[in-house]
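Peer 1: The structure that follows is given in the form of structure tokens.
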Amino acid sequence: MTLSTGRSASATSTWATSAYAPASPATRRSGAGLAASNPGTEPGQHRYGAAATFDDARAAFALAWQKLAATRTDADYQAWRDHRDWTMWKYRMHDLHLPLPTQRPDGVARCFCGEAITSATMDDHVLGAHRSIEQ
């Protein structure tokens, strides 16, 4: 899921169909909120909204999510999980100051698990060996 800030002059709680995050007291004062998107969701399928209260935002989100979820396939959810797991792996590599194969002149790097990986083997390694890792 990719989060980005949005602006709304009157919003106190904002929602999006692929994630829910109420505006914080600081963002309420500034009018900012959060919007989110999922891999597998096409442009035009995103729904955003604002509500005066958390409960109103939650109810609006639930209705919008129900409509969107009816159009999702198992492949869409798998694409989201793959994206999540690959991103978590990439961040762990970065946090441990380990280069990716694309950042090495020879195109070979070592994963934090000790496995040697290349650009050609990286995706299969990440999705095979590091499914649902914790940050």
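Peer 1: Lys and Arg at +1, Asp and Glu at -1: add these up for the other residues within a Cβ distance under 14 Å of L68 and post the number.
Peer 2: On the way: positive: R47, K67, R72; negative: E42, D76.
Cβ neighbours under 14 Å give a net charge of +1.
Peer 1: Based only on other Cβ atoms within 10 Å, what is the fewest-to-most ordering of E115, E42?
Peer 2: Taking fewest neighbouring Cβ atoms as first place, the list is E42, E115.
Peer 1: For the pair D85 and A59, how long in nm is the line joining their label points, each one 7 Å along Cα→Cβ?
Peer 2: If labels sit at D85 and A59, their model points lie 3.9 nm apart.
Peer 1: Shifting gears a bit: So if we plug the beta-carbon distance of A70 and D106 into 1/(1 + (r/R0)^6) with R0 = 41 Å, what FRET efficiency do we get, rounded to 0.05?
Peer 2: Working: r = 48 Å, r/R0 = 1.18.
It comes to 0.25.
Peer 1: Counting only residues 5 or more places away or on other chains, whose amide H sits under 5 Å from the amide H of G49 once H atoms are built in the peptide plane?
Peer 2: W15
Peer 1: Can you put T53, T118, T41 in order, fewest other beta carbons within 10 Å first? Walk me through the numbers on the way to the answer.
Peer 2: Working: T53 11, T118 14, T41 20.
So the ranking, lowest neighbour count to highest, is T53, T118, T41.
Peer 1: Give me D95, D74 sorted ascending by neighbouring Cβ count inside 10 Å, so fewest comes first. Intermediate results must be reported in sequence, preceding the final value.
Peer 2: Values: D95 10, D74 7.
Placing the least packed residue first, the sequence is D74, D95.
Peer 1: Let me ask something additional. So, counting K/R as plus one and D/E as minus one, what does the shell of residues with Cβ under 13 Å around C113 add up to?
Peer 2: Details: positive: R92, R110, R131; negative: E115.
In short, +2.
Where a number appears in this text, it was derived from the coordinates with a stated rule and is not lab data. Note that the structure is a prediction, hence the values are computed from the model and not measured. So basically every Cβ, Gly included, is an ideal-geometry build from the backbone, and we count neighbours across all protein chains shown.
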